[in-house]
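Notes for the one structure printed next.
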Amino acid sequence: MILIAITGASGVIYGVELLKALKKLNMETGLLISEPGKIVINYEMNEDLEEIKSLADHYFEANEIDSSVNSGSFKFDSLVIIPCSMKTLSAIANGYASNSITRVADVALKERRELILVPRETPLRAVHLENMLRISKEGGIILPAMPAFYHEPESIKDITDFIVGKVLDVLKIENEMFKRWEKPQ
């Protein structure tokens, strides 16, 4: 199972589009959305929260500390936090598991499961970079939402698909979300 967590950073479209892509690929998914994530979804997307939840096979409330997803015995392969706020990134880097999202990330790191963070912040402070380095040293993958333009995107969807495709690449899931680089003739 791939767990997707959406936190309160701009760019919630990345998380929603990843859920849609995984659903098309018939991958089993679980979803967590932080309270700030729900607020950002309301501001940035024209989609109903219940519809977004329905994209996942399982939904877990981010503030239910007794949820099964919080246990190291809960079976999942990967956790993708997309977008990942600096608050969430800082909590993970410093072992502060105050909600289900940061607790599952803690489990992923301690049990060497795949953890992918898609931070969405700019510019970055030194502490942001230090926290990213700390997580990277523990085996987490930092995949910033930095789209490429060599594939000549024509829409926001093209830009979003590039990032979603890169996440799928890291998860080792075959995809054709974006045009791969080819040396010009």
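Readers should treat all values here as calculations from the given coordinates under stated rules, not as data from a laboratory. The structure displayed is predicted, hence computed values, not measured ones. Cβ placement follows ideal geometry from the backbone for every residue including glycine, while neighbour counts extend to all protein chains displayed.
Some points to look at:
- For the chain, the convex hull spanned by the alpha carbon atoms encloses 124 Å³ per residue.
- Over the chain, DSSP H runs of length four or greater, each weighted -39,500 (n - 2.57), average out per residue to a 222 nm ellipticity of -12000 deg cm²/dmol.
- The residues PHE60, PHE74, when put in order of fewest to most other Cβ atoms within 10 Å, stand as PHE74, PHE60.
- Loop-located GluC sites (Glu not before Pro) across the stretch 99-129 with a Cβ neighbour count of 15 or fewer within 10 Å are GLU111, with loop assigned by DSSP.
- The angle between the Cα long axis of helix 126-137 and the main principal axis of the chain comes to about 80°, on a 0 to 90 degree scale.
- Modelled FRET efficiency - R0 41 Å, SER71 with GLN185, Cβ distances, 0.05 increments: 0.15
- Rel. contact order, % - alpha carbon contacts under 8 angstrom, at least six apart, the chain: 21
- Relative to one another, the C-alpha centroids of the stretch 1-71 and the stretch 152-185 are positioned 21 Å apart.
- Among the chymotrypsin sites (Phe, Trp or Tyr not before Pro) within the stretch 97-185, those in coil by DSSP and having at most 16 neighbouring Cβ atoms inside 10 Å are PHE149, TYR150, TRP181.
- Once the Cβ-Cβ distance of SER10 and LYS110 is raised to the sixth power relative to R0 = 25 Å, the FRET efficiency obtained is 0.25.
- Ranking THR88, LEU129, TYR59 by Cα position along the charge dipole of the chain, where only Lys, Arg, Asp and Glu carry charges on their C-beta atoms, puts LEU129 farthest toward the positive end.
- Qualifying trypsin sites (Lys or Arg not before Pro) in the stretch 93-168, DSSP loop, other Cβ atoms within 10 Å at most 10: ARG112, ARG125
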